Amino acid sequence: MTEEKPLRPKRLTIDEIKNGCVYVANGDETETRICVINEEFRQGFDIVKRHKDSGKSVTFWGSARLPEEHEDYQKALRLSRRIAGDLGYSIVTGGGPGIMEAGNRGAYEMGKPSLGLTIKLPMEQYTNKYVTESIPFYFFFTRKVLMAYSAEAYLYFPGGFGTFDELFEILTLVQTGKISKVPIILVGKKFWEPLDKMIRQTMLTEFKTISQEDLDLYKILDDEDEIVEIVRNAPMRNE
């Protein structure tokens, strides 16, 4: 049986993808855009699938703005060390600073795969030094698809608009059966309980825009031992 070869013989940068697509599409803007999207998916799935074939993974989401001394950075670092070191999981993040750096750092320090799915932004985003392998993206939505692909659990730490966007997308995918039910853990009661209150009082009770069972899609936790045990018991995903 021959070894499966990667779809791309070398890692392409954002500029290499765009320039190649401009050439292939002969300058047509719409076709160039479609080509770039396809190539980001193609390269991303090639790399993420290779990591997936080697074992389980957990995706860390959260703010790029939280510094190393912040309690949530330190909590993410401790959890990443335990999930990577004790459980042997790969850690996937957006590859930037803050919570993403903490997630990558824990895996890096434990000698485990530390994958960063990076994106070009006008501020905040740079690739942290603890990423052992990175995938560059121009489009947010292609990056989100790959960050959500086949992780055994999702850990959400305090964050901004991007973190909320990523959280509600995963909740919707599970709610609608587009992906199988997986642990969605919101780490930090101080940050997440006000959102939970709004979901329960406004969305569920007052406006009835969600169902009672939708509240079971996520857990809000502070206890690191409990979080690690949930991740430990999460079944392997094959999708």
Exercise for review: Treat every Asp and Glu Cβ in the chain as -1 and every Lys and Arg Cβ as +1, leave all other atoms uncharged, and give the resulting dipole magnitude about the Cα centre to the nearest 20 debye.
Suggested key: 400 debye
Review point. What is the extension gain from T13 to K178, computed as 0.36 nm multiplied by their sequence separation minus the C-alpha to C-alpha distance, in nm to one decimal?
Key: 56.4 nm
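What does the accessible area per residue of the chain come to in Å², with a 1.4 Å probe and no ligands, DNA or RNA counted?
Values: 12740 Å² over 239 residues.
That works out to 53 Å² for each residue.
For region 98-197, give the percent of accessible area contributed by carbon and sulfur heavy atoms, probe 1.4 Å, rounded to a whole number.
Details: 2550 of 4360 Å².
It is 58 percent, rounded to a whole number.
Can you give the net charge of the other residues whose Cβ lies under 14 Å from the Cβ of I230, counting K and R as +1 and D and E as -1?
Counting the neighbours of I230, the net charge comes to -4.
Dipole size in debye (nearest 20) for region 81-199 around its Cα centre, Lys and Arg Cβ +1, Asp and Glu Cβ -1? Provide the component values of the computation, followed by the final result.
Details: 13 positive and 11 negative charges, 14 e Å.
That gives a dipole near 60 debye.
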Review point. So, by mean Cβ neighbours within 10 angstrom, what's the order for 60-73, 185-198, 212-225 with the highest one leading?
Key: 60-73, 185-198, 212-225
Practice item. Working from Cα positions, state the angle (0 to 90°, nearest 10) between the long axis of helix 29-52 and the longest principal axis of the chain. Key: 60 degrees
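Determine the gain in length on full extension of the stretch I230-F164; use 0.36 nm per residue of separation and subtract their C-alpha separation, reporting nm with one decimal. Could the numbers behind the result be given before it?
Values: separation 66, 0.36 × 66 = 23.76 nm, distance 2.19 nm.
Result for the pair: 21.6 nm of gain on full extension.
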Study note, to complete from the structure: Tilt, helix 99-109 to longest principal axis of the chain (alpha-carbon atoms), in degrees rounded to tens, equals 80 degrees
Revision key, fill the gap. Unit-weight point scatterers at every alpha-carbon of region 108-239, Debye formula, q = 0.11, 0.14, 0.17 1/Å: log10 I(q)/I(0) is -0.46, -0.76, -1.11
Practice item. Whole Å is fine, so just give me how far the alpha carbon centre of region 9-65 lies from that of region 205-235. Key: 31 Å
Practice item. For D222 and V24, compute 0.36 nm times the residue count separating them, minus their Cα-Cα distance, and round to one decimal in nm. Key: 66.2 nm
**Study point:** Principal axis dimensions, region 65-163 - Cα atoms, whole angstrom, descending
**Key:** 34, 29, 22
Review point. Give me the log10 of I(q) over I(0) for region 114-189 at q = 0.22 Å⁻¹, as the Debye formula computes it from C-alpha points; what are the numbers?
Key: -1.21
Exercise for review: Just order 109-119, 90-100 by mean Cβ neighbour count inside 10 Å, highest at the front, would you?
Suggested key: 90-100, 109-119
**Study point:** Options T127, I199, V36, ranked by Cα towards positive dipole end of the chain, top entry (Cβ charges)
**Key:** V36
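The values are calculated or read from the model by the stated rules, or taken from the named source; none is laboratory data. From a predicted model like this one, the values you see are computed outputs, not experimental measurements. FYI the Cβ positions are ideal-geometry reconstructions off the backbone, even for glycines, and counts take in every protein chain you see. With ligands, DNA and RNA removed, areas are computed over all heavy atoms of the protein, side chains included. Shrake-Rupley method; radii C 1.70, N 1.55, O 1.52, S 1.80 Å.
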